[in-house]
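**Student:** Once you've had a glance at the structure underneath, I'll fire off some questions.
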Amino acid sequence: MKPATTVSAAAAPWLPLASGRALTLGRIIEPGTLDIRRDIAIPLGNTGRFANQLPSGMLYSVAQHCCIGADFLWGQTQDDALAMAFLLHDGHEGPLGDQTSPFLAALQQALDETRAALGDVSGPRLSIQRLRRQIAEPIDRYLHAEAGLPWPLPPVLRDRVHYVDLQLLLAERDHLLGPQPRRWDDKLSTIKPLALKHRIKVLPPAKAAEAWVTRFETWSSRLHAARARAVRSPANLADRTREAVS
């Protein structure tokens with residue numbers, strides 16, 4: 001999805017980052033704009049999932065959620081790219097915060113009802129999720145480039161991350177939220193909770209942030225090294241030579 005271009009960059013909304021820089025929202029992010037530790041990892045450690053509504057009163061962070069899923073996938077596959085893809089799947093929430101699925105669904109319902117009340121039903125449906133993705137996409141693109149991953153992700157990685165994310169959501173519900181007052185979305189009824197070896201123990205925000213950035217540094221180093229080896233491989237050099245002389 002391409003960033004919006006109907007408003008000049010100077011007039012586009014922006015937010016201040018912990019590193020002291022300005023992040024223009026919905027636009028291509030220049031290299032060096034985001035500090036991975038200060039602008040991404042620490043905010044993810046301070047951002048609570050489930051709108052901070054855990055019965056324990058503790059903050060279960062997005063950073064820890066990303067680490068748990070990434071560790072699970074790495075343990076199953078030893079695939080740095082797959083593990084990193086999970087680590088980054090909520091990375092945009094560092095600057096943007098976490099909007100819960102029920103809240104986004106309520107926004108969509110309110111938008112649909114408002115359009116209907118105004119008689120504005122002739123055009124295509126406006127999707128809150130699509131608008132959210134449009135704002136998040138430049139951040140995701142930047143983070144994946146920093147990590148040594150392609151963007152968009154190949155479907156095989158994207159789909160695996162999405163499914164494990166749903167499985168982890170159900171495990172988190174069972175481990176952290178306790179009995180629920182109402183039934184969750186029926187679409188989740190066919191999915192089994194992620195089979196974790198241990199019950200989730202909530203980490204303090206600082207430890208969760210450090211765990212996230214440690215994994216980012218480890219896997220990104222290996223991914224960039226692997227890409228460099230691929231570029232230098234004899235087959236790749238031969239392909240580039242043929243392209244140059246053709």
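**Student:** Ignoring trypsin sites (Lys or Arg not before Pro) that are buried or in helix or strand per DSSP, and keeping those with at most 13 other beta carbon atoms within 10 Å, what is the longest stretch of the chain between them?
**Tutor:** Here the longest run is 1-124.
**Student:** Going by how many other beta carbons lie within 10 Å of each one, how would you line up 19, 220, fewest first?
**Tutor:** Starting with the residue having the fewest Cβ neighbours, the order is 19, 220.
**Student:** Hey, another quick one. Can you list the residues, at least 5 places off or on another chain, whose amide H is less than 5 Å from the amide H of residue 61, using H built in the peptide plane?
**Tutor:** HN-HN under 5 Å from residue 61: 49, 203.
**Student:** Okay, helix-only estimate at 222 nm for the chain: each DSSP H run of n ≥ 4 adds -39500 (n - 2.57), divide by all residues, round to 500 deg cm²/dmol; what do you get?
**Tutor:** Taking each H run of at least 4 residues, the total per residue is -17000 deg cm²/dmol.
**Student:** For segment 169-234 and segment 67-88, write down the distance between their C-alpha centroids in whole Å.
**Tutor:** With segment 169-234 and segment 67-88 each reduced to a Cα centre, they are spaced 7 Å.
**Student:** Could you run the Karplus curve 6.51 cos²θ - 1.76 cosθ + 1.60 with θ = phi - 60° over segment 80-94 and give me ³J(HN,Hα) per residue in whole Hz, x for Gly and Pro?
**Tutor:** 4, 5, 5, 4, 5, 4, 5, 4, 8, 5, 10, x, 5, 6, x
**Student:** Take the chain, connect every pair of alpha-carbon atoms lying under 10 Å apart with a spring to form a Gaussian network, then pick out the residue of 63, 85, 22 with the largest mean-square fluctuation.
**Tutor:** Judging by the Gaussian network model, the answer is 22.
**Student:** So if R0 is 25 Å, what FRET efficiency would residue 170 and residue 111 give, r being the distance between their Cβ atoms, rounded to the nearest 0.05?
**Tutor:** Efficiency, rounded to the nearest 0.05: 0.35.
**Student:** When a/c is below 1.5 the answer is rounded, else prolate if a/b is larger than b/c, else oblate, so apply that to segment 94-177 with a ≥ b ≥ c taken from the square roots of the Cα gyration tensor eigenvalues.
**Tutor:** oblate
**Student:** With a ≥ b ≥ c the root eigenvalues of the C-alpha gyration tensor of segment 1-58, is it rounded (a/c under 1.5), prolate (a/b larger than b/c) or oblate?
**Tutor:** Prolate, because a/c is 1.5 or more and a/b exceeds b/c.
**Student:** Further, regarding this structure: Starting from a Cα-only point model with no solvent, please compute log10 I(q)/I(0) by Debye for segment 23-165 at q = 0.18, 0.21, 0.22 1/Å.
**Tutor:** For segment 23-165, the Cα-only Debye profile gives -1.12, -1.35, -1.41.
**Student:** Still on this structure, please answer the following. Counting only residues 5 or more places away or on other chains, whose amide H sits under 5 Å from the amide H of residue 27 once H atoms are built in the peptide plane?
**Tutor:** none
**Student:** Also, I was wondering about something else. With a 10 Å cut-off between alpha carbons and a GNM built on the chain, which of 72, 86, 103 moves the most?
**Tutor:** In the Gaussian network model the winner is 103.
**Student:** May I pose another question? Running a GNM on the chain with Cα contacts under 10 Å, which residue among 209, 225, 145 ends up with the highest mean-square fluctuation?
**Tutor:** Maximum fluctuation in the GNM of the chain, among the listed residues, is at 225.
Every number in this text was worked out from the coordinates using simple rules, so none of it is lab data. This one's a predicted model, so the numbers in the text were calculated from it and none came from an experiment. With ideal geometry, Cβ positions are generated from the backbone for all residues, glycine too; neighbour counts draw on all protein chains shown.
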